[in-house]
Structures are given as structure tokens and as C-alpha cells.
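The values are calculated or read from the model by the stated rules, or taken from the named source; none is laboratory data. In this text, all values refer to a predicted model and were calculated from it rather than measured experimentally. When we count neighbours, we look across all protein chains shown, and the Cβ atoms used for this are built from the backbone with ideal geometry, even at glycine.
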């Protein structure tokens, strides 16, 4: 299955929102599936809305930390994958998270499901917060780095011009792969 992970801040900048929407649309047009975490706001939700707008919810894979996470926001036709202590997902938290003792049970599950989002992807689109390395986006980026998956990162202070160049680079990369 060809898939692109779209991950990012729950409080993205307008440029990051545009970048996530554009790269999700590019991915869909080029025949890729979309993997994301289904946060009820932010970059995950931008990816979901872009799939809905393009009438491609059948190509949307939502990775949930527990079964009722954001269930009321899941569009019809989307595929649901729930963290159920999958060994590789669980091990990824221990391997890639910098501060395991700080994680609550819920946070552990959120970080574990990031492995599911990222594994097997052709590329990762990441729109991190102002605190790079923190939260689920940081975890997803660390996992991608550990697995050798290319990252296309739109930082919070990115200019519109640079974000457009990065989106074009992303498109060229997908067309070659």
C-alpha cells in the first residue's frame, strides 16, 4: 500500500495548514493513501478534511490510540486502525521517546500509535509546533528518522514562498517514487 503520513501540531500556523492541505491533495492525486492520527483539530484534521473535500475518504487511514478516540469526527469510508498493544508500536515508544517516565498511560498510547502512522510510508509530511521534538509530531519525526523515511517539514515560521517550494519538492519526490 502506498501511503503518506500527515502529522503535525494541534495549533498550526496558516502556512502549515495550507502546506498540509496541499501535500495531502498532491498525495491523493498521485494515488497515495493518507495516514494520520485523527486529532480533533490541527494538522491531522486538515488531512481528514482534505480527503473529504476530494471525496477520497476510502484512501484515509486513521490511527487511533484507543477505540473511541475522536470517533464522532471520523468520516464514512475511512479505515480505522486502533492501538492494541501491537509489539512494534509499543517497542517504538521505548526506542524513540526521550522521556518515558513522564508519559501517562494515555500519552503512551498516543505515542505508540505514531509508529502505525509512520511505518511503511513513502514519506512523512510534518508540521511541528514551536517546540520541535515535543508531542506526537516529534515522536513521529523521530520514528521516521529511525526508519529512514524521508521527512518534509514545514516549520511554524516558514514563509509562504518556502512552503510552496517545499510542496513542489514533495510533489517531485512522489512522482519519482
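Name the residues in region 64-73 that are in contact with a strand residue (DSSP E or B) (Cβ under 6 Å, 6 or more places away or on another chain) and assigned to a loop (DSSP other than H, G, I, E, B), would you?
Result: 67, single match.
Residues that are more than 29 Å from residue 29 (Cα to Cα), at least 2 per element: which helices (runs of 4 or more DSSP H) completely within region 80-169 meet that?
Passing ranges, in order: 87-96, 105-118.
Residue 6: more than 22 Å from residue 144 (Cβ to Cβ), touching a strand residue (DSSP E or B) at 6+ places or on another chain (Cβ under 8 Å) and surrounded by 14 or more Cβ atoms within 10 Å (Cβ to Cβ), yes or no?
no
When region 24-41 is examined, which residues are found to be modelled with pLDDT of 95 or more, surrounded by fewer than 24 Cβ atoms within 10 Å (Cβ to Cβ) and under 13 Å from the mean Cα position of the chain (by Cα)?
33
If residue 138 satisfies all but one of (1) buried (at least 19 other Cβ atoms within 10 Å of the Cβ); (2) free of Cβ contacts under 8 Å to residues at least 40 places away in the same chain; (3) within 15 Å of residue 3 (Cβ to Cβ), what's the number of the condition it fails?
(3)
So for region 139-154 (the condition being in contact with a strand residue (DSSP E or B) (Cβ under 6 Å, 6 or more places away or on another chain) and closer than 17 Å to residue 45 by Cα), does at least one residue qualify?
Yes; the residues of region 139-154 include at least one that is in contact with a strand residue (DSSP E or B) (Cβ under 6 Å, 6 or more places away or on another chain) and closer than 17 Å to residue 45 by Cα.
Hey, does region 79-101 have a residue that's without any contact (Cβ under 8 Å) to a residue 40 or more places away in the chain, crowded, with 20+ Cβ neighbours inside 10 Å and closer than 27 Å to residue 175 by Cα?
No, region 79-101 has no match at all.
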